Amino acid sequence: MMRILLALLLAALCGVAAAQQIETITLRHRTAEQLMPQLRPLLEPGAALSGTGGKLFLRTSARNLADLRRVVEELDTAPRRLMISVRHGGDRQADGRGAGISGEVSIGKDVRVYSAGRSDGAGVEVRRGDDVVRGNAYEVRTSSADRVAQRVQTIEGGRAWIAVGQSVPVPLRQTVVTPGGAIVSETVAYRDIGTGFYAEPRVSGDRVTLDISPTHDTPGATVGSANIQRLSTSVSGRLGEWIELGGTSRDVADDRAGTVTYSSRAARGSDRVWLKVEELP
């Protein structure tokens, strides 16, 4: 009985092997690496799929092969040409106010007291003989905005990177202690400051999904420093419309008081990033 069962099993396996055939499919637009993840779930039990570059290699039944060929024809289409645009926008505002007193006042025959305060802004002056006292107050407000737009052309499923900016000199000083004394050397290195983005789009109908990492660097207040903004995210939206990726905001306040002076400073800023993908003809 056992021998009969083994014989029937072997016969069935041989029948399956005989029914399978090996086929090579030449791709026109896509690569095997792009299509194989979508074809593997469609393989029947016992079938095999491999490939490289523009070739797919299949070992399966005639019926399964016909189904896979139909799917390959639908997937093996020319990638869409896309234009990716990224827009950075920043707004900054600073407010400052304060007051101070300055002047000279005699308190004795040979003794004089001098006090100094901030001299700018609107103020008044009072004199009496050789004595003079000045009082002033000021209030300033500054605002600025910057807009940076970048565009790069790519294809569906491809990777795109674009970067523009400038190289900023950074002075470097190095001290080396030797038996003969210290040797000081000064050099200048350059640091790249700019904006850029990396994106990988995937299109389905009129919707697009992107893995994107934009950067936005600007020179800092001190020599060699930089203000750095980084963002890494995946977004989805319709072709042709702006998608807000995110942004940052900052608030800074500083109050200082002295014997004859007072100052207050507040600064606010925000940065936003938007993205748009358009299909090219």
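Coordinate-derived values only; no laboratory data. Keep in mind it's a predicted model, so treat the numbers as computed, not measured. So basically every Cβ, Gly included, is an ideal-geometry build from the backbone, and we count neighbours across all protein chains shown.
Extension gain, residue 182 to residue 265, is 25.5 nm, computed as 0.36 nm per intervening residue step minus the present C-alpha separation. Amide H contacts under 5 Å for residue 197: 162, 215, restricted to partners 5 or more places along the chain or on a different chain, H placed in the peptide plane at 1.01 Å from N. Counting Lys and Arg as +1 and Asp and Glu as -1 over every other residue whose Cβ lies under 13 Å from the Cβ of residue 79, the net charge comes to +2. Spin-label pair residue 67-residue 189: with each label point 7 Å from Cα along the Cα-Cβ axis, the two points sit 6.0 nm from one another. Amide H contacts under 5 Å for residue 227: 218, 220, restricted to partners 5 or more places along the chain or on a different chain, H placed in the peptide plane at 1.01 Å from N.
I'd like the FRET efficiency for residue 227 and residue 75, computed as 1/(1 + (r/R0)^6) with the beta carbon distance as r and R0 of 35 Å, rounded to 0.05. Efficiency computed from Cβ-Cβ geometry: 0.20.
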